């Protein structure tokens, strides 16, 4: 456990990419949206932006960098693969919880100020709403975990199998998603798929399904990292 905690602290050596850039880009996105919609004269407009996604994308990139840059350095210091993985997960889960708490509080302030005085919905959960406070909090946290473990898994494929592994993964994804799209079009499933998504609750879309996808990604990442090379 001490080794895992050391790895968790090691992640913050490069704190600008782990903490600084995600919040800096989110802040810039918020300021731009606030300025754009504040300059509009349409008082009936209730804008909803996708700017909140920027911090999730940056966390995805940070998790990629954690494997491609920190992993070789940690192994060079004598850290085991198991300790590195556990420390990485510990740091990432704590970060997701902390970030989710801040976003939750910002959403509360946004509601209290009627969208920063211009009815802007920036920090509110996009497209869906979750009334239960705990589920709302998880609605911010679980997508962090999903994208983070996705980034870890992709980076580990590169570390384990190199460029050929990435090309194989990309090809498999294209064939899989492309094949499903062709099948859905051929069988006229798109209306049913649209209805299925429309019938899902906000909690299911932001918490339930992402959590179910996160668990196998975490398990596969642990198996792959045991044979990954620096």
Among the residues of region 78-109, which ones are over 19 Å from residue 68 (Cβ atoms) and under 14 Å from the mean Cα position of the chain (by Cα)? 93, 94, 96, 97, 98, 99, 100, 103
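Listed here are the residues, each with its yes/no results for (1) in contact with a helix residue (DSSP H, G or I) (Cβ under 9 Å, 6 or more places away or on another chain); (2) over 30 Å from residue 198 (Cβ atoms).
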{"residue": "71", "(1), (2)": "yes, yes"}
{"residue": "74", "(1), (2)": "yes, yes"}
{"residue": "100", "(1), (2)": "yes, no"}
{"residue": "114", "(1), (2)": "no, no"}
{"residue": "136", "(1), (2)": "yes, no"}
{"residue": "150", "(1), (2)": "yes, no"}
Among the numbered criteria (1) over 15 Å from residue 99 (Cβ atoms); (2) at pLDDT 70 or above, which single criterion is violated by residue 44? (2)
On the given criteria, is residue 79 assigned to a loop (DSSP other than H, G, I, E, B) and surrounded by 15 or more Cβ atoms within 10 Å (Cβ to Cβ)? yes
Candidates 153, 198, 184 - the one that is more than 30 Å from residue 76 (Cβ to Cβ) and modelled with pLDDT of 90 or more: 184
Residue 174: at pLDDT below 90, assigned to a helix (DSSP H, G or I) and farther than 29 Å from residue 81 by Cβ, yes or no? no
Inspect all residues belonging to region 169-190 and state whether any of them is more than 14 Å from the chain's Cα centre (by Cα) and on the phi > 0 side of the Ramachandran plot. yes
Which pairs do you get when a residue that is without any contact (Cβ under 8 Å) to a residue 40 or more places away in the chain, found in region 158-173, comes within reach of a residue that is in a helix (DSSP H, G or I) and surrounded by 11 or more Cβ atoms within 10 Å (Cβ to Cβ), reach meaning Cβ atoms under 7 angstrom, with the pair 6+ apart or on two chains? 165/157; 165/158; 166/157; 166/158; 169/157
Answer with yes or no whether residue 106 is closer than 26 Å to residue 32 by Cβ and either touching a residue at least 40 places away in the same chain (Cβ under 8 Å) or not in a helix (DSSP H, G or I) (or both). no
Inside region 202-229, the number of residues satisfying the requirement of being exposed (fewer than 14 other Cβ atoms within 10 Å of the Cβ) and free of Cβ contacts under 8 Å to residues at least 24 places away in the same chain is 5
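Just to be sure before I move on: is residue 57 out of contact with any strand residue (DSSP E or B) (no Cβ under 7 Å at 6 or more places or on another chain), at pLDDT 90 or above and under 15 Å from residue 151 (Cβ atoms) in the structure I sent?
yes
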Residues of region 21-37 being surrounded by fewer than 12 Cβ atoms within 10 Å (Cβ to Cβ) and modelled with pLDDT under 90, in sequence order, are 35
Filter region 109-124 down to the residues that are exposed (fewer than 15 other Cβ atoms within 10 Å of the Cβ) and part of a helix (DSSP H, G or I) and list them by number. 109, 111, 112, 117
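The values are calculated or read from the model by the stated rules, or taken from the named source; none is laboratory data. Source: prediction; values computed, not measured. Note: ideal-geometry Cβ built from the backbone for every residue, glycine included; neighbour counts use all protein chains shown.
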